[in-house]
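Worksheet: one structure, shown below.
Derivation of every value follows stated rules applied to the coordinates shown; laboratory data play no part. Predicted model, so just to flag it, every value in this text is computed and none were measured. Methodologically, a virtual Cβ is constructed for each residue, glycine included, from the backbone with ideal geometry; neighbour enumeration extends over all protein chains shown.
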Amino acid sequence: MLKVQDTMPTHACRASQRLALAALEGLGEAWVREQVATLEPARAMLWEALAPLRGGGGALQPAGAFYYFVRLPGCSSRGARVLGEGGEGGEAAEEERSGLLHTSRLTDCEAEEEAVRRLAAEHELLTLPGSAFGRPGHLRLSYGRLASAEEAEPIAERLLRAAEALRARWGET
């Protein structure tokens, strides 16, 4: 996942940026505020759905972005902690669950990869690993394409179930 993310363009080309600037200058600040306001219902709904993972600073709510960074339960903010204890002596226990490999001792980056796969397979939610953005042990959740509360509601319901499942699986944030 990180290799794919590493090679994808992450910005608009210069010509598109210039056209966007001209449009913004022509349409004005009021238009920008109106567009940002259309995201607020989805933003608020998804923030509430993340409640099980927000404890102890587990989620960041940026002031001007259209995404959240959510720390995975049990992960450190620096990407150094190992999740779970395994069994006696700390051995890693592996088992097959829902067709996905699970190890009870995962590094933050491994936990991200498993969480990304599980959220897609079990909850139909697409996320990105935080380490692709310099935040190991986190997931990046975007809501920029949700234009209404009606669109956001079923996603918020799935996100709440997913957040509860992550917390139940790996513990407190």
Theoretical FRET efficiency, 1/(1+(r/R0)^6), r = Cβ-Cβ of TRP47 and ARG117, R0 25 Å, to 0.05: 0.55
Point-to-point label distance, ARG14-SER142, nm (Cα→Cβ direction, 7 Å offset): 2.4 nm
